[in-house]
1. Report the local net charge at Ala64: Lys and Arg +1, Asp and Glu -1, summed over other residues whose C-beta lies under 13 Å from its C-beta.
2. Could you work out the relative contact order of the range 13-111, using alpha carbon pairs under 8 angstrom and six or more residues apart, expressed as a whole percent?
3. Could you give the nm distance between label points at Lys81 and Tyr21, where each point is 7 Å from its Cα heading toward the beta carbon?
4. Suppose the chain between Arg104 and Glu28 were pulled fully straight at 0.36 nm per residue; how much longer would it get relative to their current alpha carbon spacing?
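Read the figures in this text as sums done on the coordinates, not as results from a lab. Worth saying up front: this structure is predicted, and the values here are computed from it rather than measured. Cβ placement follows ideal geometry from the backbone for every residue including glycine, while neighbour counts extend to all protein chains displayed.
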Amino acid sequence: MARAAWFPSSVPGLVQCRRTYCHHFILEFLAVHPSVVGKVAPRVQGVGSGLLYSLAELAGTLGAPLIWGEATVHSAQFYAKALGVPAIEDYFFIRDSILEHCRRAFSEKFFGKLDPA
């Protein structure tokens, strides 16, 4: 759950997942507050991608090799952009280079640009 004391509801977004018996993560749902999506709170950006990247970091830290989920017609474009893939129709798998892309994005967003050395 993303929290911000200054945000009107204090919760600008949340993500729910579960671990499968074979140590994969299933992204059940990711939700961002309507005022963020509707640009009513224009200073707030990156809540959805931050939650997705946080989930990827958690998966990587725990050694889970795969996150899988389903997109809706309304969320597919978001997931494609956040994951850096050309398109998503309904289901998606976050593993290997895509998982690493998300973990790098998490580190850059929360800790600044990493030294390439």
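1. Working: positive: Arg18, Arg19, Arg95, Arg103; negative: Glu57, Asp96.
Net of charged neighbours comes to +2.
2. Details: 133 pairs, mean separation 25.0, N = 99.
Answer for the range 13-111 is 25 percent.
3. Those two pseudo-labels are separated by 3.9 nm.
4. Working: separation 76, 0.36 × 76 = 27.36 nm, distance 2.27 nm.
Residue separation times 0.36 nm, minus the Cα-Cα distance, leaves 25.1 nm.
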